[in-house]
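Data block below; observations after.
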Amino acid sequence: MDESEALIIVLNGAPRSGKSAISLALLARRTSWVADGVDSDMSNTPPHLMPGIGLRPGGERSDLEEAVRRRYVEMFRRCVIAATPGRSVVLDLGLHHDYAGELYPLWDAATHLPHASTWLVGVRCDLSVIMQRRAQSRPDIYLPARDGEVPFPVLRWQEAVHDPGIYDLEVDTSRTPAGTCAERILAAIATSEPNALRSVAERERPTG
């Protein structure tokens, strides 16, 4: 695939898995590219709709789920407009479908994003490293360990965000520096074609 094409690179993983670091590394190597995703969207989310698309797995806020669905769809449509020749979009997301209602943002992505130019990248990270990063972050945002125990919501993120685990490429920031992960993504883009979103679209959308 030509680097001058308009691409959308979706980095999907749990909070503190290293998505933002990879996004920054990609932008450092492709200065005309732009970033979007959960952090930027949450910064524009009204307080009464927070945490917006950052809503964690577990169906804890069913009252927000319709707003979350709309914000995801708006984001995907925004990215299609923003991606122009020579300017690709890097999306930093935590896509899961562990909600109270029928909310499946991965399938919404497969509906609204172009299959032939969207790369779905799974960003994995060992739980021990995620907990180290959480301990170094703001406690009002990220749950820390209590008495050595990993909080259940953190465990739930690790499982839910990679279901069904359909990716064009997977990277692991607990084993590979963010810059090297970015290079792997760029190498894949240069030498192959994406197929993950097409595979998602060919699967029946979950219900219930």
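Every number in this text was worked out from the coordinates using simple rules, so none of it is lab data. Note that the structure is a prediction, hence the values are computed from the model and not measured. Note that we place each Cβ from the backbone using ideal geometry, even for glycine, and neighbour counts take in every protein chain shown.
Projecting label points 7 angstrom from Cα along Cα→Cβ for residue 63 and residue 80 puts them 3.3 nm apart. The residue among 57, 27, 188 whose Cα reaches farthest toward the positive pole of the charge dipole of the chain, with charges on the beta-carbon of Lys, Arg, Asp and Glu, is 27. Rounded, prolate or oblate for the range 1-107? Axes are the square roots of the Cα gyration tensor eigenvalues, ordered a ≥ b ≥ c, and the cut-off for rounded is a/c under 1.5. Taking the square roots of the gyration eigenvalues as a ≥ b ≥ c, the range 1-107 is prolate.
For the range 8-202, a/c is not less than 1.5, where a ≥ b ≥ c are the root eigenvalues of the C-alpha gyration tensor, and a/b does not top b/c. That puts it in the oblate class.
Around the amide H of residue 170, modelled in the peptide plane, lie the amide H atoms of 122, all under 5 Å away and 5 or more residues distant in sequence or on another chain. Couplings for the range 50-55, taken from phi via the Karplus curve 6.51 cos²θ - 1.76 cosθ + 1.60 with θ = phi - 60°, read 5, x, x, 6, x, 4 Hz in order; Gly and Pro are left as x.
For residue 90, the amide hydrogen comes within under 5 Å of the amide hydrogens of 9, 34, 35, 36, counting only partners 5 or more places away or on other chains and with H modelled in the peptide plane.
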